[in-house]
Amino acid sequence: MSGFASDLTHATYESPDIVALYARPDGLQKPEETLLAQLRPSLGSMDMLDIGVGGGRTTRHFARLAHSYLGVDYSAAMIARCKAEFPAFRFAVADARRLELVADESCDFVLFSYNGIDHLDARGRRTALAEMRRVLRPGGLMVFSSHNANYLPAIVDRFRFRVHASLRETLRSFKWSGVFWAKNGLLQYRMPLAAGRVHDGTHSFRSSALYYVRPDVGVAELHRLGMVDIVCAGNESREFVPGDDPRLAHDPNPWIYYVSRKPERA
Ligand SMILES: C[S@@+](CC[C@H](N)C(=O)[O-])C[C@H]1O[C@@H](n2cnc3c(N)ncnc32)[C@H](O)[C@@H]1O
């Protein structure tokens, strides 16, 4: 698909090694397991849109249970892989910021899993969230996950230069610490960060910076979008808590699942 050629992240998601990585038959993350268990009785009547479907990790678990299923991704290589692997389901190349192929209020459940939305800058993120809301029916469910800004000290620590017993490991630490600080030069002055983009080493720095947001700030973003019934769970948790739970502001998990609902028509 044209229009993304200059986007480093998009080029990375088109490359065969990254397609193979996301095509592994991995299981659901813990919050997704909770979600699937809760939705199972009603999925059969739900039209589902799976954005940033990658190699179809979530297709494997959700598609056959939904009333209808459409997986989209802006990587043509990911979509080709999904079509080959799951011929019974519908897939299309589409950017989350421009979901023209999906009609207004035509979905009951929109999923953008595994932090795919974090590849967008703040403006792109707002556009994608607005698109997700647009395609939802009133009462429909929006689910995505996003990197947690509270986890950034652990990322900084991961890239701290360390002397190891082996010269090879020491040189490796020197290299990646250098790359990290070359790309995130002002990060120490921006911390603690409420929301912002960070090069965190994903795909060995073959992607552009990723958006990190503190969970309470992410919840406020959803409120501004007009979403209701917001609940969140850290990626290591099976339990969702209300979006106004004060513990969320300090949640230490690497990433957070956000579940919210488009209001019913008054
Ligand atoms: C981290 S991978 C996750 C893949 C899959 N959802 C999973 O859970 O394994 C992120 C996916 O989002 C896709 N993606 C990133 N930005 C996108 C955008 N703006 N529109 C559509 N897809 C996008 C990438 O091509 C990639 O397949």
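The values are calculated or read from the model by the stated rules, or taken from the named source; none is laboratory data. Since the structure is predicted, the reported quantities are computational estimates derived from the model, not experimental observations. A quick note on method: Cβ atoms are made from the backbone with ideal geometry, for glycine too, and the neighbour counts reach across all protein chains shown. Remember, those area values only see protein heavy atoms, side chains included, never the ligands or the DNA or RNA. Shrake-Rupley method; radii C 1.70, N 1.55, O 1.52, S 1.80 Å.
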Of LEU111, LEU248, LEU225, the one that fluctuates the most in a GNM where the chain has Cα springs shorter than 10 Å
LEU225
Which value, in Å² and to the nearest 10, is the accessible area of VAL228 when all protein chains are kept and the probe is 1.4 Å?
50 Å²
How big is Rg to Rh over the stretch 151-205, alpha-carbon atoms, Rh as the Kirkwood inverse-mean-distance radius?
1.00
Once R0 is set to 51 Å, what does the formula 1/(1 + (r/R0)^6) return for the Cβ-Cβ distance between ASP17 and ARG224, expressed as a FRET efficiency to the nearest 0.05?
0.85
For n ≥ 4 DSSP H runs only, could you compute -39500 (n - 2.57) per run for the chain, divide by its residues and tell me the 222 nm figure to the nearest 500?
-10000 deg cm²/dmol
Among SER166, TYR69, TYR151 the positive-end extreme of the charge dipole of the chain (Cβ point charges)
SER166
Net charge of Cβ neighbours under 14 Å - reference THR170; Lys, Arg +1; Asp, Glu -1:
+4
Carbon and sulfur atoms: what percent of the 1.4 Å accessible area of the chain do they account for?
55 percent
What does the charge add up to near HIS61, with Lys and Arg as +1, Asp and Glu as -1, over the other residues with Cβ less than 12 Å from its Cβ?
0
Give me the number: length gained by fully extending VAL241 to THR170, i.e. 0.36 nm times residue separation minus the C-alpha to C-alpha distance, one decimal in nm.
21.4 nm
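Equivalent-ellipsoid semi-axes (√(5λ), Cα gyration tensor) for the chain, whole Å, largest first?
The equivalent ellipsoid of the chain has semi-axes of 31, 23, 17 Å.
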Rounded to the nearest 20 Debye, what is the dipole magnitude of the stretch 81-186 about its Cα centre when Lys and Arg each give +1 and Asp and Glu each give -1 at the C-beta?
480 debye
Run the quick spin-label model on ARG206 and ALA266: label points 7 Å from Cα toward the beta carbon, then report their separation in nm to one decimal.
5.1 nm
Using a cut-off of 20 Å between alpha-carbon atoms, which lysines can reach LYS175, once sequence neighbours fewer than 8 places away in the same chain are excluded?
LYS183
Residues whose modelled amide H sits under 5 Å from the amide H of GLY243, counting only those 5 or more places away in sequence or on another chain, are ILE230, VAL231, CYS232
Considering only the other residues whose Cβ falls under 15 Å of the Cβ of ARG81, what net charge follows from Lys and Arg at +1 and Asp and Glu at -1?
-1
In order over the stretch 77-88: 3J(HN,Hα) from phi, Karplus 6.51/-1.76/1.60, θ = phi - 60°, whole Hz, x for each Gly or Pro, gives 5, 5, 5, 4, 5, 4, 4, 5, 7, 10, x, 7
Once the piece of chain linking HIS61 and VAL217 is laid out straight, how much longer is it, given 0.36 nm per residue of separation minus the C-alpha distance between them?
53.2 nm
For the chain, report the accessible area per residue in Å² (1.4 Å probe, heavy atoms, rounded to an integer).
47 Å²
